[in-house]
Each structure stands twice: as structure tokens, then as C-alpha cells.
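Peer 1: For reference, the structure I am asking about is given below.
The values are calculated or read from the model by the stated rules, or taken from the named source; none is laboratory data. Remember, predicted model here, so these are calculated numbers, not experimental data. As a convention, Cβ positions derive from the backbone with ideal geometry for all residues, glycine included, and neighbour counts pool all protein chains shown. Calculation scope for accessible area: heavy atoms of the full protein, side chains included, ligands and nucleic acids excluded. Shrake-Rupley method; radii C 1.70, N 1.55, O 1.52, S 1.80 Å.
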Amino acid sequence: MTETGFEKVPARDRRRFPGISSRAYEHPADRSALVALRKLSGFDTVFKALSGLLPERSLRLLFLSESVRVGETQFPHLYEMLRDACYILDLERVPQMYVQQDPKPNAMCIGLDEPIIVVTTGLVELLDEEEMRAVVGHEVGHALSGHAVYRTILLFLTGLALKVAWIPLGNVAIMAIVTALREWFRKSELSADRAGLLVGQDVNASMRGLMKIAGGNHLHEMNVDSFLAQAEEYESSGDLRDSVLKILNVLPRTHPFTTVRAAELKKWSQHRDYQRIMDGHYPRRDEDKDTSVTDSFRESASHYADAVRSSKDPLFKLVGDIAGGAADVGGKLRDKFTGAAGGAGTGSGAENKGGPTTEQG
């Protein structure tokens, strides 16, 4: 799609966030991992050494020779979005951005020394201006958080796993690291979605963009409320077998499922944390050095505990029941395996049915 193909929207002022720290929008699990890595002694040295093994220079030359570099004379509308996103998030150095010929809608931010943003023609042709603005903000959020470094390492290790698959246990060891990185990266995508919303400052545009990524350019056939209802159904429906299948389905992915991303972003847009940022109250970058690793992990643990308690997923509900009433679960298991039954067993089950609810409340 050419620059004239985008629908023109009235200019509107967007709030800017001078000196904002990426901690302001990062998902708790993403944030705790990044804080720990940044505090880790010798971390920079290890990654500088590793950078010599990674084909970053090759990647840069590949994009330079096979893609279109965004600038004042090439895809100028994207260049303005990029500069605008960097201005809003106060990213001093504007990353290089490329448009790559690929019908599949996609975008990524990679690089060790300097981040590179790549968007596909499929994505450019799919999204309108406001939707694309959120995507560009998403990738700039990756750059500000330092996600590009870990994404590059993930790509490298994924490729390495394929090359050493014939070595006994070699692939197992690498895939264990890849699986852990993927779990972290899925959380980092939720962080970047929040950054995209801070840049676009239009939650409806963010929702539309995610819907289009899921269902194509057929907005007249889709509905935001129904799309979000899918996420609700996905989380709460089924039994323990479905819970296990959900885990198996998500393990090989670097991104959360699209309906889940939409639901998470919608929830965050209605949270007081988002409103505080919009009101100018957010952590600053110059305070990052004073960030406590322990506090970050505590916040992450608290988030997961809350997620387990509030989740409607059958497996998470079981975990919550076990954590909230281990004695009751033990009694039920004892009755089941010792053959106890009758009024006492039934009464115990009915009595305990209300117990966890009271504790959770």
C-alpha cells in the first residue's frame, strides 16, 4: 500500500512521556527478568562476547540489500510514525527501520548493538494509519526495554538447535533455554502492546489491529466485544485436558494468542496504572539503577499469585484450590482412595465448597 492508501485522520495531540522508564509499561514477569539480567554481574561482558558469534552484521547487510530502508524519501509516512513514537517515549536515538517483502503480517525488533525494526509488506497493507502507529510504538517499546538483544539471541539459539539436533542431548539443552526464553518473550510482547498503546493513545485502534492480525482486513465482519469474548471463552472453557492442550499449544510460540493479547491490553487500558502514566506519574529512566531486584521478583510473584486466584482456567482453578485449601483437598483425596462416603463425606464436600470462596474473597 502506498502512502496515499492510508485513510487520513484528523491531527490530534498526544501526550509525551519525558524520561519514561520501560518499567512503567512492562509486564511484571517481563520486568523482573530484565531487572535481574541488568543487575547480573558480568552480564554485559558475556553478551559482548556472545555478540561475536551472532550474525548481526550479516543481518544488517541482508536487510540493507534485500529490504527498503524507511526514511524521508522511502515510506515517509512510516518514518514520521517512527520518529513520533521515539519522541513520545523519549527514545533519543531513532532505530533504523526496514520494510520487507512478505505477505504474512509481521514485525520485529532485533539487534545487539543497535536495534533494527522490520515490518512486512503484509502488515503495512493490512493496517490503517492509527493501527500502524500502535504497531510502530510496540516495536519502539521493544527497543526501549532492550528486548531486541534477547530476541536476537532467541533467533540464534533456535537456529542453533536445528543444527545440533543430531548431537545426543545437545538439542535438549538448547531447547530448554529456548523454551525459557520463549516464555519470557511472550510476556515481553504484552509489555510492547502496552507501549504501543502509550504511543497511539487509541485503544480502539490497538484492538482493531489485533483483530486484523487474527482475521484479516474484514473489520465489517468482526466485532470487538465478540472478539474479546473469545478470550474469555478460551480461558474458562473446557476441563483439565483442555488446560494441558493450551499449554502444549503455546509452548512453541514466541507470541501470546491474539485474543489473549487483546484482552490483556484492554484490561490494562482500564487499570489505574495506565491512567497514572497518562497523567504524568510514572517511573523515570534515571531511577532504573536504584531498582530492587527483590522488589521486582516480589511483584512478579504477586502478579502470578493473583492470576492463579482470578483465573477461570480449570487447571489454574485447581492450583488455586490446592493453594487455598490444601487440608480440604487432602481430605477429599483420602476419602476417595479409602472409600469413605455417606453423609459425613457429602457434608464435608458441601461445607468445603464455600470455604475456598470465603478465603479468596
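Peer 1: Read phi for every residue in the stretch 206-216 and hand back ³J(HN,Hα) as whole Hz from Karplus 6.51 cos²θ - 1.76 cosθ + 1.60, θ = phi - 60°, with x for Gly and Pro.
Peer 2: So the J values, rounded to whole Hz, are 4, 5, 4, x, 5, 5, 5, 4, 7, x, x.
Peer 1: Calculate the spin-label point distance for residue 271 paired with residue 83, positioning each point 7 Å from the Cα along the beta-carbon direction, and give it in nanometres.
Peer 2: In this crude label model, residue 83 to residue 271 measures out at 3.4 nm.
Peer 1: Let me ask you something else. What are the ³J(HN,Hα) values, in whole Hz, obtained from phi via the Karplus relation 6.51 cos²θ - 1.76 cosθ + 1.60 with θ = phi - 60°, for each residue of the stretch 260-270 in sequence order, with x given for Gly and Pro?
Peer 2: Listing the rounded values in order: 5, 4, 4, 5, 5, 5, 4, 4, 5, 5, 9 Hz.
Peer 1: Measure off 7 Å from each Cα along the Cα-to-Cβ vector at residue 288 and residue 219, then give the distance between these two points in nanometres to one decimal.
Peer 2: Label-label distance for residue 288 and residue 219, simple model: 3.4 nm.
Peer 1: While we're here: Does anything in the stretch 110-129 have its amide N under 18 Å from the 7 Å Cα→Cβ label point of residue 74, and if so which residues?
Peer 2: Answer for the stretch 110-129: 110, 115-125.
Peer 1: Could you order 87, 150, 79 so the one with the most accessible surface comes first? Probe is 1.4 Å.
Peer 2: Ranked from most to least accessible, the order is 87, 79, 150.
Peer 1: Could I have the simple spin-label model distance between residue 114 and residue 204, label points 7 Å from Cα toward Cβ, reported in nm to one decimal?
Peer 2: Simple spin-label model gives 3.9 nm for this pair.
Peer 1: Residues with amide H under 5 Å of residue 201's amide H, sequence separation 5 or more or different chain, H placed in the peptide plane at 1.01 Å from N; which?
Peer 2: Long-range HN contacts for residue 201: none found.
Peer 1: Under the rule of at least 5 residues apart or a separate chain, name every residue whose amide H is placed under 5 Å from the amide H of residue 70.
Peer 2: So residue 70 has HN proximity to 97, 98, 99.
Peer 1: Oh, and also: From the phi angles alone, apply the Karplus equation (6.51, -1.76, 1.60; θ = phi - 60°) to the stretch 63-79 and give each ³J(HN,Hα) in whole Hz, x where the residue is Gly or Pro.
Peer 2: 5, 5, 8, 10, 10, 9, 7, 6, x, 5, 10, 10, 6, x, 5, 5, 5
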